[in-house]
Every structure is written in structure tokens, then in C-alpha cells.
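Trainee: First the structure, which I've put down as C-alpha cells, then a few questions once you've had a look.
Since every read-out is calculated from the coordinates, none of them should be taken as a lab result. Since the model is a prediction, treat every value here as computed from it, not as a measurement. Here Cβ is always computed from backbone atoms with ideal geometry, including for glycine, and neighbour counts include all displayed protein chains.
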Amino acid sequence: MTDATVNADATAFAGTGEAIIKVENMDKFFGDFQALKNINMNVGHKEVVVVIGPSGSGKSTLIRCINRLEQHDAGRIVVDGIELSDDIRNIQEIRKETGMVFQSFNLFPHLSIIDNITLAPRQVRRMPKAEAEELAMELLTRVKIPEQAQKFPGQLSGGQQQRVAIARALAMRPKVILFDEPTSALDPEMIKEVLDTMKDLANEGMTMICVTHEMGFAREVADRVVFMADGEVVEVGTPDHFFDNPQEARTRLFLSQIL
Amino acid sequence: MRLAIYFVVAAVALFGWRFLRDVTTKRDTSNRPPPWRDVRVLAVGIQVVAVGILFLLGSWLWDNFNTRTDDIGLDPFDFAFLDQPSGISIADSDLNPNSPISSALRNGVKNTFLTIVVGIPLSVLFGTLIGISRLSENWLLSKIATGYVEFFRNIPPLLIIVFTWSVFLTGFPPERESWEIGDLFIFNNKRFAGPSIASQENFVAYRWLMLAALALAAVVWVVRTRLFDRTGTPHRRVLWSLGTFVGIGVIGYVALGQPFRFSTPDIVERVYEGGVKMQMPYAAGVFALTLYTASHIAEIVRGSILSVDRGQVEAGNALALSGFQRYRFVVLPQAFRVAFPPLINQFLNFTKNTSLFVAIGFAEITSISINLFGQSRPAPQILFIVMGIYLTFSLVLSTIGNLINGRLAIAGR
Amino acid sequence: MTDPLITATGDGVPLVVEPNTPPSKKLPPGEWVKANLFSNWYNSLVTLVMAVILIYLARFLIGWAIGVEWQITRTNLRNFMVGGFPADELWRPWAASLLIIAGASLGFGAMSRAEHETDVRNGIPSTKPTQLDLFRRFWPIVLLSIFFVSFARTTPPFIGVAVGIVGLFALREVGWRLPAVIRDRGVFVFAAFLLAGFGCLAGTGGLLAIVAGIIVAVLVSTELGRAGITTRAVVIAGPIAAGLVTYFVLSAIGLEGFGWDDWGGFHITIFATAVGIATGLPFGILLAIGRRSNLPVIKTACVIFIEFVRGVPLITLLLFSSFMLPLFFPAGSDTRSGLTRAMILITAFSAAYFAEIVRGGLQSVPKGQTEAAQASGMSPGAIQRLIVMPQALRNVIPAMVGQAIALFKDTSLLAIIGIADFFQYGEISNTQQDFLGKGLQPVTYTFIALGYWAVAYWMSRESRRLEMKLRVGVR
């Protein structure tokens, strides 16, 4: 390893029972570039982990590896007891158990809001239409936009779209939700509504991994904060420890730049 | 038998590949899924199956082809027939039925090429004119241009070609009663002829001189540009360069004792003398295809100019550029980048559409090949050659286009 | 940058929504003329020159049209329309056209009603289109039918065209008023009529059976989907049963008809276009998916096929179909039908062009769409079918209409390999004894040009309309 820092270990987790996500010695390459270096991380049930770090540090790649949007090159990833291997069945199983919310919403523009939400339950979980729609309405109520059900994504504001995306992820009744910078593409006045939705989720006991730049959210909601730089986990800690008493020079530098 | 070989190859490929991968990756292989669920194996497997199907289909067709050609006593790999007499005569060439097939084909390529080099510039010129006319603030002009585009775009080019040809055929007089405009032009329903340059003494020297003049004009261009860059004085490089070129041309013409003269066409005893002549089908075909292609190019020109964001013109205004400057430096460079790829596409279409001249009997490559089929020449080889020629034309044009397009591309777009 | 392929015109230039012109029509006539025709000296000059040219041209054309001998088109009207189709079987094309018109206008009425209601629900102002609106959209076709029939020498064609035109307007009204239950299934109403139309022509019972099967398959699976039930067995068994039933019913009542080698004229031009699109599009979609595959073998095969077909002129492909295609089938195979052979190559041709259009559409769908679908555990097939393709195809509908127009024009090349299509009769009619050597080609070709023009122009207007609509539509 060229870097002086020893890769921090994020295996100790808060929450209850067995770790739901286990990442062991994971490497990821893009061609010759090593995007992730020997990542070790566990996430417990009902735990909220916030991943922060400068851009290009590999945060997004990390969570995209967990549901195989990117393929890891070495090490192991186990989600809810299922190992993420080349086995197409395992991949599908893991994707069923993990929801994902994207920076750019990625709602399906050709489908109405309700169809966006019911699509995966009906196609993947083979849920009857009526039941799926009932579920969708319930979720839309939960994210506080039930009146938009018949509209199309293009007719909604960014904040509303992202809340629909959260509802869409929830509709598969996942065990974990991965958030990939969910507020970065939003106008400032819409960030709050999305963060509030996420806080509600966390309070209800959803297991979440959030890649975000929202330090306030991290401090308030996170059980653990993971700081990444140059493809490595640099420091791990509770929000209080992390923001008030960071140990690593790189963490302090990063915090001084953004706070 | 073939099937068996194929399966062995497939199996070896599949498992060899897996083995290679397991050896080369650092990954723990103890936890392998069964192959029918392994995404990597599946990826290879699908390809193997696809190759297999293509291979089986291909070999079935190929077997049939070989058997059938054997039955009729044809060797599809025998290209010796190219040296046999073609049995067809081609107008306005020194080829007769006894000339070899290869020269007939070569003549076809030459004729196709002649239609392209004349037709494409004409289409661009005319199309641009129509396209700009559609944007004119003159209501009548823009409506006429619109009508033109809507008319010609929605008719098959083949129909335009045959129609033009039939109009030329019935509209122009027979050869004996040719229309002559002054001594300069001759029109009849077989050929058109016009004036040209005929070389005299010292013509070779004059040609070299003019080449040197061109180089000098380029130098003047660069010098004037540099001067403009250094001092800011208007460069007027077009004027300067053109002046240099024409000046040398005139001086040279006098100094070398009239190295060329204008030659006017004449028909003596049904033989054309002097000038340049072309066959009526050539003129009709190029004319018709130009009309058709121009209607498409007009839309490209118009669309590309309109595609330049209004804010660009406003920015130009805000910088106090004049109307001409705004167009020359802001709008047109951007419009041209938009127009270029579809223009290349139109050039390709023009090239392919020249094959329609077969319907009016102009001896380009496709009609030569059809004539050869009529002489029971082997179709597979001839078609292979003809398709190869068109592919070459397409490839050369699109390669040039891509090269230019790559250089035009704006960074960050 | 917009992908150059996604345009209605096929010219590769994005359609430009022209800035709203100032309300020039509201100017008093005098000022309007001054502003638009004589605003300065060169505009005045241009106007005058253009006016002179236009008047001269119009006078010439009118004079020519009046003076020329139209007898040739009158004598050959049936040839132009249906070629050598047996006279006592002419009810077939008539019935087919009328049924197709009926289905189209019913479906059209139902669709515009559905659009209207969606707009109303979404709070977009919308009114019921009037008959005049309908005429504005269909005038090229209506006028063309009237133009064609004006050359007829007997009464039945007049009645047929009148029924067709009246049906077009009346049945759209009916379609608008259909109860919602039927209206929601408008596609199937249209499909049923289309099927009945083809039934009357019945080129081949087998082909028809396949079409019936596909329609039933779509119908059954949509209905099951609506009801919230999906049973694979029914979806598969349904179409097979429908195909068999259609086939046997047709054989039993003797509607087998005869093969398309007896067809000709305008009929075959339309038919070749329809078949070229219907067969070319599915293959084109497959080729486009193949070309974007990350499996190198499949990708290479698709690229080679597409680039080869697009690199050579259609004529050479048609020559291939007539001189070489039979050599690729075992001795004794029936490869006599020139049209069948040509259609195989036309399918390949249009597939290659559609493939490039669809590829443009696929490129326009952001990668995040696939990722979002993957993240929710959907299978690759479902992602293509439900997420990527609907968006990709929607984005390139105008370009596909453009390709359909191009194909319609390109079918004229069938004449070169000796198939008696609409275009071919321009020459054939001039070789008849009555007209030989009279140099009447300009007359026949004018007649044909108007036929091609009206259809192609109508399609291009519709595609522009669609493009505008998709642009301002819900996205």
C-alpha cells in the first residue's frame, strides 16, 4: 500500500443482531485505477451509516458494489446472509433486499407515479395489481404526496420526485436502503423535505447507508459516520466523535473545508 | 460432423475460459455457483450459442450455395472471366464489346465518380440557397422554397430521375435539329455540349505557373492574416489572394503567348468536335438527383441555422458585432457543426442513389453490372465487386467525414 | 447534443420549433404586404422576380395539364391501382381498403378521445377535434383518392371512394363516442378490422393465422394483466388456438385467395411498404440491442450486418435477391416468387436502417434508468421490455415515420427488378399499342408522382405533428 495511513476498519457495528451487510477485504478497479482499496465494513440491523468524503473518494462506488451496479474485483460482500457472487440468482436476491435512491432520481418518465412504484413489486415480487397499488398509495401517503399518484415524473418538482423515488425503493419492502447523494441534485429549498423523509425512515428503524454531503443530517441521524478518501476508509466513528474530535489529519482537513 | 466439431469447440471455449479466469483472478473460487447461474459463464455461453447459430445458418447457406453453383457449373471464386470480352458497348468511351469486362467495370466506376464529383457540389450549392431562402423574411420567397422542399422530398428519387429523363427526351430536339446557343452550347436529346479550354503551346508550363500562383496566393493569405493579428489592420485576405492569383494568371497568359484557347463544340457528320460533351442521361440524372438531394440539404441548412441558440445572436449583439460578423463568427461556425454529420449522410445517399441511373441507361457501375448479367456473366462475382465498390465509396466518404467531424467537435460538448 | 438520428425528416437535424412569428396576420393587408414582400428594395426585387417566375410556371403547367392527352391514365387506371389483379376478384382489395379505413378511423376516434380525456385530467386545455381538423390532417389522402377516382370510367369506384371518405369522417365520430370499455381497447378494434381486411385479400392463410395469433396474444396478455392475473399457459395457448382457428375458417369458407405474385400497382407499393416496416422493425430492434450488447461476438456480427446493408444501394440488394438468393436454398426449393425474394432483402434493408434509428433511441435513454430498474431486482429482459424500449422507441417515433416514408419511396426500385409496382406502370402503360411512341411518359409519371407525393407528404405531416406533440407532451 502506497499510502501511509492504515485502512481503518468499519467492521464494528451498532444495531441489533447479526450484521446485515458484510464487506470484507473488497477491492474495486476501473481499468488500472484502484477505486476501492481493501474495504472492511459491516452494517447492523436498523443501523444508519453515513458515508462522507471528498468527491472521487469511492463512496458511491462502494454502495454501488453492494447491489452489483458495479462488480467488485476481490473480497467478499454478503448481504443478509447471501454472498454477492457471479451467481445470477444471488444477485437478484440481493437486489430484491436492497432498495436504492439515486442522485438524479431516475424515475421512469414514461410511467405515472403510481406505475413507477408498483412496477417492481408486480414484476419481481409478482404482487397482484390491486395489492401493489394499495401499497403504493400507502407509501405515497408516507412520503406525503398521495395526491400526485396519477401524474408523471416530469410534472413534479425535484423534491417530490426524490420522495417518489424513496417510495419506489420502499415498495420492494427492502431490508436495506442505499442512498447515493439523494439531495445533491436538488434546489436548496427542496433538500429539507427529502431529508425529513429520510429522517422519518431512520426513526422507523430502516437500515440505511447514505452517501451524502449533508453534515447536519449525518450528525442528527447517523449511528456511525464513515469517512472515505482515495478509495480507503480513513476514519469511522459516532457523529459526536467524528465531528467534534476527529483523529486523522485527512478528516480534519476535509471537515475544515466544508464546515 | 460439423455439429460435433462445433460443440467440442464450444465446450473447450467455455470451460477453458472458466479455468483461465479462475487461475487469473484473485477471487476465492470455493464458492462457485453452478455454471447455468454464473453471470460470467452465461455471458460466454450466450455468445457461444449465438456464434453457433450464426455458424450453422451460415454453413447451411454456404453448402447450398456451393452445391447450386456446382450444379450450374459456376465457380464463384473464379475471377478469370474479368479478362473476357464484355459483349457490351459503352457510349462515349473507347470500349467496344470486345474490350475486357474489367475495363467495362472500371469505366463504370469512373462514370459513377463523375456523377458524384459534379452532383454533390451542385446539390450543396443549390440546397444551401433553398435552405437560406426558406429563412428569408420575404414571404413569397420563403413559401416558394418551402413548396420546393415539400415537393421534392416526398417523391421517390427514381421517379424524379426518370421523369427528368423523359422530359429531356421529349423536350429536346433530335441530334440533327440540335439547339445551338451562339456557338457555345449544343442541346439535343442525346447529348449536351459546352465550351471548354483547349491546350495550346506552353500549356504545361502555364499549368505549373498557375500552381505556383496558387502557392503564392496562399502565402499572401498567411502574410495578410499575420499582419492583421499583429497590427489589427483589416486583412482583406480574400481580395489580396485572389488579386495575386488572377494577376499572375493574366500576366502568364500574355507572357507565354496564349497557352490555351477556348474551344467551342460543333457537330460535324454526327461527331462532336471541340468543347466538352456529356450524354443526356448523365445530365438528366445529375440534374434530377441534385434537385432531390438539394431538398434534403435545404432542410439540413435551415435546421442547423435555426438550431443555434437565440442567446448566441444576442451575445453577438451585446458585443456590438455587425450583422455580417455575427453570422460569420458566431452563428455559421456553430450551425456548420450541427449540419456536418447529416450532410455527410446526404453525400453517402447521393452516392448510393447514383445507382438509380440504371433506369435511364447511364453507364455507371450498377447498370454496367446489369448489362453484364444480361450477357450471362457470373452474377456472384460481379455483384461482389459492385457491392465492394459502393462499400469503398461509403467507407472513404464516411471516414473523411468522421475525421473532419472529430476536428470540428467542440470540447466539452 | 441531440442525437442526429432522432428526427422526423431523417435529415438528422433536430426539428426546430420556430419562434412564434409576430401576429403578422393581424396587420391590415396593405401593411402586411409591405412588411413581408416589399420591406426594402431588394425584397421588392425578389418578390417581383419570384412572382413572374411563379406566374409563368403556373401558366405553363396549367396549359400543359389541359392540353395533354390524359387518356392513357384513364385507360390504365386499374393497372395503376391493382396491376393485373383479376377483375372478378376486385371486391377483395375494395373490401380490404374499406375495412382498413373503418378500423383506422374507429381507432383514431377512440385514441383522440382518450388523449382528450388524459389532457382534461391533467388540466391541459383540450377540445374535441372538429371534422375540419380532421380534414386538415387528411386532406392529402382525401384529395388523392378524389384525383385517382376522377379517372374512373365506371360507377363502382366512385361509390367506393365516396363510402371510404364518408366512412373516414363518420366512423371517427363513432369511435369518439364508443363506450370506455371498448375505447380502452381501441388498438384491438383497429387490429380486428385490419385482420378482416387482410382476410379479404388473404394473400396466404398461414401468414394471416400468424397475425391473428399475435393479435390475440397481445390482447389476452393485456386483459389478463388488467385483471391482475398472469397465466403463461393461456398467453401461449391463446395465440396458437387463434392462429389455427383463423387458418381453418379461412380454408373452410374458401377465402384462401391467391398469392401476392398476382398483385400489382399502387396496391403492391403500399403492401411492400407495410411488410417492409412490419418485418423490418422487429429485426431492427433486435439488431440495435445486439449492437449495444457488451458481448463482442454478437456486437460485431450486428455491426457488420448493419454497416454492410447501409453501405450499398438498395438496387444491389434487390439484384442480389433476383440473381443470387435462389442459390442459397437447396435445389428444388420454391424460389420462383420474385416478390417474396425481394421482400426478404427489403426486410434486411429496412431492419438495418431501423436498427440505427432504434440505437439512437437507446442511446437517448439515460444509464440511470437501467440502474434504477436493476437496483429493484428486475430481470434484464423485463428491463429492456418495460423500461428501456418504451422510452427509446417513443423518442424515435418521428424518425421511424421518416424511415417509413423513405421505404415507401424506395419501393419504387422494385420496378428495376421487374416487379409491376405503381412506378413500373408508368413505363408499362407507354408500351401499350395505343400509346406506344407517343412520348406520354411525362403524363404517366406526373400521375404517379402525385400518388407518391400525397401519401409521403401526409405521412411527413403526421410525423411532424407527432414530434411536436411528443416535445410538449408529458415528459
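Trainee: Over chain C, consider all pairs of different Cα atoms and compute the Kirkwood hydrodynamic radius from their mean reciprocal separation; express it in Å, one decimal.
Mentor: 25.5 Å
Trainee: Moving on. Which of rounded, prolate, oblate describes segment C:98-139, given a ≥ b ≥ c as roots of the alpha-carbon gyration tensor eigenvalues and a/c under 1.5 marking rounded, otherwise prolate only if a/b is larger than b/c?
Mentor: Since a/c reaches 1.5 but b/c is at least a/b, the shape of segment C:98-139 is classed as oblate.
Trainee: Sticking with this structure for a sec: Mind checking which aspartates and glutamates have their Cα closer than 13 Å to the Cα of residue A:96? Skip sequence neighbours fewer than 8 apart in that chain.
Mentor: The qualifying aspartates and glutamates are A:80.
Trainee: Still on this structure, I have one more. With +1 on each Lys and Arg Cβ and -1 on each Asp and Glu Cβ, how big is the dipole of chain B about its Cα centre, in debye rounded to the nearest 20?
Mentor: The dipole magnitude comes to about 1980 debye.
Trainee: With springs only between Cα atoms under 10 Å, which of A:54, A:128, A:146 fluctuates most in a Gaussian network model of chain A?
Mentor: Largest GNM mean-square fluctuation: A:128.
Trainee: Further, regarding this structure: Which trypsin sites (Lys or Arg not before Pro) in segment C:102-184 pass both tests, a DSSP loop state and at most 16 other beta-carbon atoms within 10 Å?
Mentor: Answer by residue number: C:153.
Trainee: If you don't mind, another one. Using alpha-carbon pairs under 8 Å, 6+ residues apart, how would you state the relative contact order of chain A in percent?
Mentor: Relative contact order here is 26 percent.
Trainee: Whole-Hz Karplus ³J(HN,Hα) for segment B:184-191, in order, using 6.51 cos²θ - 1.76 cosθ + 1.60 and θ = phi - 60°, x for Gly and Pro?
Mentor: Once rounded to whole Hz, the list reads 8, 10, 10, 10, 8, 7, 10, 9.
Trainee: Ranked from highest to lowest mean number of other Cβ atoms within 10 Å per residue, what is the order of the peptides B:170-178, A:228-236?
Mentor: Peptide ranking by packing, descending: A:228-236, B:170-178.
Trainee: Beyond 63 Å, what share of the Cα-Cα pairs of the protein assembly as shown is found? Please give it as a whole percent.
Mentor: Summing the P(r) tail past 63 Å for the protein assembly as shown gives 20 percent.
Trainee: Calculate how steeply helix B:101-134 sits against the longest principal axis of the alpha-carbon atoms of chain B, using the helix alpha-carbon long axis, and give the answer as 0 to 90 degrees to the nearest 10.
Mentor: 70 degrees
Trainee: Once you have a ≥ b ≥ c as the square roots of the Cα gyration tensor eigenvalues for segment B:267-413, tell me rounded if a/c is under 1.5, and otherwise prolate or oblate according to whether a/b is larger than b/c.
Mentor: prolate
Trainee: Oh, and also: Rounded to the nearest 20 debye, what is the charge dipole size of segment A:73-222 about its Cα centre when +1 sits on each Lys and Arg Cβ and -1 on each Asp and Glu Cβ?
Mentor: Using Cβ point charges on Lys, Arg, Asp and Glu, segment A:73-222 gives about 360 debye.
Trainee: Aspartates and glutamates near residue A:199 by alpha-carbon distance under 20 Å, same-chain residues fewer than 8 away left out - which ones?
Mentor: A:47, A:138, A:180, A:181, A:187, A:189, A:214, A:220, A:223, A:240
Trainee: Now for a different question. Could you pull out every residue, at least 5 positions away or on a different chain, whose amide H is within less than 5 Å of the one on residue A:35? Hs are placed 1.01 Å off N in the peptide plane, and Pro or chain starts have none.
Mentor: A:28, A:29, A:30
Trainee: Along the charge dipole of chain A, Cβ charges K/R +1 and D/E -1, which of A:119, A:245, A:188 sits furthest on the positive end?
Mentor: A:119
Trainee: Then there's this: Given all pairs of different Cα atoms, what value in angstroms does the Kirkwood hydrodynamic radius of segment B:197-260 take?
Mentor: 12.6 Å
Trainee: Is it possible to state the helix-based mean residue ellipticity at 222 nm for chain A, with each DSSP H run of 4+ residues giving -39500 (n - 2.57), the sum divided by total residues, to the nearest 500 deg cm²/dmol? What is it?
Mentor: -11000 deg cm²/dmol
Trainee: Right, here's the next one. Segment B:249-335: which trypsin sites (Lys or Arg not before Pro) are DSSP loop and have at most 16 other beta-carbon atoms within 10 angstrom?
Mentor: Answer by residue number: B:270.
Trainee: According to the Cα gyration tensor, what semi-axes, each the square root of 5 times an eigenvalue, does the equivalent ellipsoid of chain B have, listed from largest to smallest in whole Å?
Mentor: Those come to 49, 38, 24 Å.
Trainee: Something else now. Can you give the calculated 222 nm mean residue ellipticity of chain C, where each DSSP H run of n ≥ 4 adds -39,500 (n - 2.57) and the sum is split over every residue, rounded to the nearest 500 deg cm²/dmol?
Mentor: -24000 deg cm²/dmol
Trainee: Turning to a different aspect of this structure: So if I average 1/r over every pair of distinct C-alpha atoms in chain A and take the inverse, what Kirkwood radius in Å does that give?
Mentor: Computed over Cα pairs of chain A, the Kirkwood hydrodynamic radius comes out at 18.8 Å.
Trainee: Which whole-number percent gives the relative contact order of chain B, counting Cα pairs below 8 Å spaced six or more residues apart?
Mentor: Averaging sequence separation for qualifying contacts and normalising by length gives 20 percent for chain B.
Trainee: Right, next: So, with +1 on the Cβ of K and R and -1 on the Cβ of D and E, and no other charges, what is the size of the charge dipole of the protein assembly as shown about its Cα centre, to the nearest 20 debye?
Mentor: 1560 debye
Trainee: Taking amide H atoms as placed 1.01 Å from N in the peptide plane, list the residues 5 or more away in sequence, or in a different chain, whose amide H sits under 5 Å from that of residue A:210.
Mentor: A:49, A:50, A:51, A:179
Trainee: Each residue of segment C:393-405 in turn: what ³J(HN,Hα) in whole Hz from Karplus with 6.51, -1.76, 1.60 and θ = phi - 60°, glycine and Pro shown as x?
Mentor: The phi angles translate into 5, 4, 5, 10, 3, x, 5, 6, 4, x, 5, 4, 4 Hz.
Trainee: While we're looking at this one, here's another question. Label residue B:322 and residue B:59 with points 7 Å out from Cα along Cα→Cβ: what is the distance between them in nm?
Mentor: Placing both labels 7 Å beyond Cα along the Cβ direction yields 7.4 nm.
Trainee: Could you give each residue of segment C:352-369 its phi-based ³J(HN,Hα) in whole Hz, using Karplus coefficients 6.51, -1.76, 1.60 with θ = phi - 60°, and x for Gly or Pro?
Mentor: Listing the rounded values in order: 5, 6, 4, 4, 5, 5, 4, 4, x, x, 4, 5, 7, 8, x, 4, x, 4 Hz.
Trainee: May I ask you to compute the full-extension gain from residue B:250 to residue B:42, defined as 0.36 nm times their residue separation minus their alpha-carbon distance, rounded to one decimal in nm?
Mentor: So the extension gain works out to 67.4 nm.
Trainee: Under a 5 Å amide H to amide H cut-off, with H placed in plane at 1.01 Å, what residues pair with residue A:45 once short-range neighbours are removed?
Mentor: Close amide H contacts, sequence-distant or interchain: A:16, A:20.
Trainee: Quantify how strongly other chains surround peptide C:357-366 by giving the mean number of their Cβ atoms within 10 Å of each of its Cβ atoms.
Mentor: Average neighbour count from other chains, rounded to a whole number: 1.
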